[in-house]
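These notes concern the structure reproduced below.
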Amino acid sequence: MGRIVSLIPCSTEIVCALGFGQNLVGRSHECDFPEWVQRLPACTSPKFPIDGTSYEIDQRVKAILAEGLSVYRVDAETLRALAPDVIVTQSQCEVCAASLRDVEQAVCEWIDSRPRIISLEPSALDDVWRDIGTVAAVLGAAERGEELVARLRGRTAAIAERTLPLVERPTVAVVEWIDPLMAAGNWMPELLDLAGASSLLAKAGEHSPWMSFDDLAAIDPDWILVIPCGFDLARTRSEMASLAARPQWRQLRAVRRRRVALADGNQFFNRPGPRLVESLEILAEILHPGEFDFGHRGRGWQLAD
């Protein structure tokens, strides 16, 4: 296969997992795994400052979307200079990465070449496995895709088999954004089910819904998992003050029992690619510490206090 530009972190990981890392010539500004891909030229950038609190970021994004604009900028000149044969983008979320529309607009005036554009749109685990197969087929390696998916499915099935007989099946609220509050949907309810838990506030295969603090207090879950989209562990911990300041926070069952966990959503849960299996391992470690230890604690997750 020829030259590949990946404009979303999960597709960069998929391309590398399929053994085509050497064909990558460009990436998005968010692609950072494997670490060496950061040496590649970035073809996208955000149209807003990405520092600040979750509330400030939310307000900036909503202001841009209210004007009917895209949240990200695609560098058409860089993209053209890289002369890719394949560009991988997404149409699942306008806030997560450059969209299919952005990429099509960037290449619409090209005359000398017309790259193949792959657009991924995962909403559930099966969609992620399908996307891996789609990328593999376009790269002329359908068999590699089948083998990779089989390995990933096998690892998830092995964990699910171990959680099936467990007596305790805790309820879990997963926070995907802190201010305002958003529950984690899409593939997260499925991962929780495989990890031997029950998801609350969101449904499998559906977009992540906004929620109020009253919603969270009403369900009073056994566990609260905080995984803000795009935040690492340190940044997530710095944002927890806004949650802890809520008058009802200390009354929540999960808080009283020290069952609030923070995880690196940026590297794991928010990326619908091969490392969703590591995300499942993290969930199993958090929820059933006596049964699972994959070595992710401290690096991929930690307790809130």
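Scoring Arg275 on the criteria (1) open to solvent by less than 40 Å² (accessible area, probe 1.4 Å); (2) within 17 Å of Ser123 (Cβ to Cβ) leaves a single failure, condition (2). Screening Ser208 with (1) assigned to a loop (DSSP other than H, G, I, E, B); (2) in contact with a helix residue (DSSP H, G or I) (Cβ under 6 Å, 6 or more places away or on another chain) gives one miss only, at (2). Residues of the stretch 211-233 that are outside any loop (DSSP other than H, G, I, E, B), over 17 Å from the mean Cα position of the chain (by Cα) and not small (Gly, Ala, Ser): Phe213, Asp214, Asp215, Leu216, Ile219, Trp223, Ile224. Summed over the stretch 178-206, the residues that are closer than 25 Å to Ser238 by Cβ and free of Cβ contacts under 8 Å to residues at least 24 places away in the same chain give a count of 0.
Number of residues in the stretch 181-238 that are of a type in the set (Phe, Trp, Tyr) and either open to solvent by 40 Å² or more (accessible area, probe 1.4 Å) or farther than 13 Å from Phe269 by Cβ (or both): the value is 3. Inspect the stretch 156-170 for any residue being touching a strand residue (DSSP E or B) at 6+ places or on another chain (Cβ under 6 Å), at pLDDT 95 or above, over 22 Å from Ala42 (Cα atoms) and open to solvent by less than 40 Å² (accessible area, probe 1.4 Å) and give the result as yes or no. Yes, there is a match, as at least one residue in the stretch 156-170 is touching a strand residue (DSSP E or B) at 6+ places or on another chain (Cβ under 6 Å), at pLDDT 95 or above, over 22 Å from Ala42 (Cα atoms) and open to solvent by less than 40 Å² (accessible area, probe 1.4 Å). Going through (1) open to solvent by 10 Å² or more (accessible area, probe 1.4 Å); (2) under 23 Å from Val138 (Cβ atoms); (3) modelled with pLDDT of 90 or more; (4) within 21 Å of the chain's Cα centre (by Cα) one by one, Cys31 falls short only on (1). I'm checking my understanding of the structure. Among residues of the stretch 268-282 that are at pLDDT 95 or above and out of contact with any helix residue (DSSP H, G or I) (no Cβ under 8 Å at 6 or more places or on another chain), which one is farthest from Ser6 (Cα to Cα)? The qualifying residue farthest from Ser6 (Cα to Cα) is Ile282.
Against the condition surrounded by 16 or more Cβ atoms within 10 Å (Cβ to Cβ), among the aromatic types (Phe, Trp, Tyr) and at pLDDT below 95, how does Tyr72 come out, does it pass? So Tyr72 passes the test. Counting only residues that are among the charged types (D, E, K, R) and open to solvent by 50 Å² or more (accessible area, probe 1.4 Å), which one in the stretch 130-155 is farthest from the chain's Cα centre (by Cα)? Checking each candidate, the answer is Glu143. Within the stretch 41-60, can you find the residues that are assigned to a loop (DSSP other than H, G, I, E, B) and over 14 Å from Asp75 (Cα atoms)? Those that are assigned to a loop (DSSP other than H, G, I, E, B) and over 14 Å from Asp75 (Cα atoms): Phe48, Pro49, Ile50, Asp51, Gly52, Thr53. Of the residues making up the stretch 145-163, those that are touching a residue at least 24 places away in the same chain (Cβ under 8 Å) and among the hydrophobic types (A, V, I, L, M, F, W, C) are Leu148, Leu152, Ile159, Ala160.
Scanning the stretch 171-179 turns up at least one residue that is hydroxyl-bearing (Ser, Thr, Tyr), at pLDDT 90 or above, surrounded by fewer than 21 Cβ atoms within 10 Å (Cβ to Cβ) and not in a loop (DSSP other than H, G, I, E, B).
The values are calculated or read from the model by the stated rules, or taken from the named source; none is laboratory data. Being a predicted model, the structure only gives us computed values, none of them experimental. No Cβ is skipped: glycine too gets one built from the backbone with ideal geometry, and neighbour counts run over all protein chains shown. Protein only, heavy atoms only, side chains kept; ligands, DNA and RNA dropped before computing areas. Shrake-Rupley method; radii C 1.70, N 1.55, O 1.52, S 1.80 Å.
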